[in-house]
1. Determine, for each peptide in 162-173, 20-31, 75-86, the mean count of other beta carbons within 10 angstrom over its residues, then list the peptides with the highest first.
2. Stretch ARG133-GLN51 to full length: gain in nm at 0.36 nm per residue minus the Cα-Cα span?
Amino acid sequence: MAAARAVTKLLEDWRAGDREALGELTPLVYEELRRLAARHMRSERPNHTLQATALVNEAFIRMAGMDVPWVDRAHFYAVASRLMRRILVDHAKAHLSSKRGGGEAPLTLDAERVADERTMPADILEIDEALSRLERLDARKSDIVVLHFFGGLTYDETAEALGISAATVHRELRLGKAWLLNELEVR
């Protein structure tokens with residue numbers, strides 16, 4: 001727990017303009033960011049041209065330039081996860097554009113992350129479009145799905161990042177996941 005407080009304090013100091021805090025923060029968060037990136041990359045095609053390390057670096061560079069009022073460690077990782085998803089979507093769009101619509105390899109939501117153990121072929125753009133539709137219908141469910149499945153946050157971390165209870169995360173995640181799987185099946 002001391003590490004979590006240290007990260008939160010360094011985030012506050014960084015936000016206040018202390019550049020040394022960023023230098024101290026980086027080694028404390030880098031491994032967790034790599035874990036998040038690896039989790040995002042698991043859903044990508046095997047021959048993806050973007051590697052987890054590059055994804056971490058790109059997300060971290062973007063975050064370093066952001067003026068975000070960091071609430072705590074969970075908020076930091078939630079923002080990092082969203083950025084990583086956005087980077088992958090942008091990368092997929094650029095790749096697809098360069099191939100003029102050429103066949104993206106399918107990816108799957110892993111069985112451990114899907115309650116009924118089904119896998120669903122879908123590419124990152126289809127998943128992003130489905131999540132965007134869910135966000136328009138219910139932004140909180142979309143946030144919960146993104147933070148938990150793609151960000152790797154636990155129920156408690158997701159609850160903390162969104163200011164809701166873990167029980168609400170559990171309930172909304174089940175509903176959001178079911179909605180998302182249904183959307184991907186229909187398409």
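1. 75-86, 162-173, 20-31
2. The ARG133-GLN51 span can extend by a further 26.7 nm.
Every number in this text was worked out from the coordinates using simple rules, so none of it is lab data. These figures come from a predicted structure and were not determined experimentally. All Cβ positions, even for glycine, are placed from backbone atoms using ideal geometry, and neighbour counts span all protein chains on display.
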